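Read-outs throughout are calculated quantities, based only on the coordinates presented, and are distinct from any laboratory measurement. Fair warning: this is a prediction, and the values are worked out from it, not measured in the lab. Backbone-built Cβ (ideal geometry, glycine too); neighbour counts: all protein chains shown.
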Amino acid sequence: MPASCKLSKEAIINKAVVLINKKGWESLNARDLAKELKISTKPLYRIFTSMDEIKEDIYKEIYKQYDEFITSRVDNKNALVTLCVAYVEFAKLYKNLFVSLFLSNNLKWKSIDDVLNEKWNQGAIINLVNKQGYTFESAKELFMHVWLYANGLATLIATNKIDIEDKEIIVRIVKIFKTLEK
């Protein structure tokens with residue numbers, strides 16, 4: 001049986017995510033992906049209609065992996081702090097995947113409201129309202145300030161190879177939260 005018959009969308013996407021995690025989103029092309037899979041480019045285009053379709057599925061897979069990462073770390077006792085810590089940890093552990101999701105043309109956010117309306121971010125805001133007694137508006141305001149700090153820290157780590165211990169990430173996020181809370 002030819003290798004292309006054994007090839008699946010899932011196998012291509014999984015290999016592409018590994019490739020992106022090693023070399024970054026900008027390095028992704030059909031030739032290098034085929035080389036990683038040890039095939040020619042033709043099987044890629046039998047399974048997918050275009051490189052854009054491949055990239056769309058790759059982005060969805062990276063987002064799914066990010067979502068699973070966050071799910072495993074957010075604690076309902078303080079969703080904002082644990083969300084922000086997890087966000088920074090993802091940037092530290094998966095620099096190129098973080099860049100692909102949040103620091104590229106893939107990002108769909110065009111405004112602060114887009115950030116606030118993301119599933120995880122809404123959950124953290126609602127958690128502040130329900131668990132800590134904030135009004136919705138004050139919860140959104142606190143969320144945005146803490147998240148912007150975390151985003152800056154994550155961006156520095158992902159793009160500049162700044163090395164920060166996990167404990168220091170937690171200390172910094174907790175400190176900014178406590179400084180800004182009620």
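Observations on the structure shown:
- Segment S40-K6, extension gain: residue separation times 0.36 nm, minus the distance between their alpha carbons: 10.9 nm
- Nearest-0.05 FRET efficiency for T135 and E56, computed from C-beta distance (R0 35 Å): 0.35
- For segment 73-180, size of Cβ-based charge dipole, Lys and Arg +1, Asp and Glu -1, in debye: 100
- Taking 0.36 nm per residue of separation and subtracting the Cα-Cα distance, full extension of the segment from K119 to N106 would add 2.9 nm.
- If you count Lys pairs in segment 93-182 whose Cα atoms are under 15 Å apart, skipping same-chain pairs closer than 8 places in sequence, the total is 7.
- Whole-number percent relative contact order across segment 119-182, with pairs defined as alpha carbons under 8 Å at least 6 apart: 30
- Protection proxy ranking, highest mean first, for peptides 85-96, 26-37: 85-96, 26-37, where packing is the per-residue count of other beta-carbon atoms within 10 Å, averaged.
- In order along segment 88-97, the phi-based Karplus estimate (6.51 cos²θ - 1.76 cosθ + 1.60, θ = phi - 60°) of 3J(HN,Hα) comes to 5, 4, 4, 4, 6, 7, 10, 3, 6, 5 Hz; Gly and Pro are listed as x.
- In a simple Cβ point-charge model (Lys, Arg +1; Asp, Glu -1; nothing else charged), segment 3-59 has a dipole of about 340 debye relative to its Cα centre.
- Sequence ranges 40-46, 104-110, ranked by mean other-Cβ count within 10 angstrom, highest first: 40-46, 104-110
- Across segment 51-59, coupling constants 3J(HN,Hα) worked out from phi with the 6.51/-1.76/1.60 Karplus curve, θ = phi - 60°, read 5, 4, 5, 4, 5, 4, 5, 5, 4 Hz, and Gly and Pro carry x.
- From the alpha carbon centroid of segment 1-68 to that of segment 74-134 is 27 Å.
- Which label in (1) 11.4; (2) 10.3; (3) 13.5 gives the computed mean projected area of the Cα convex hull in nm²: (1)
- Likely footprinting exposure, W25, W120, fewest C-beta neighbours within 10 Å first: W120, W25
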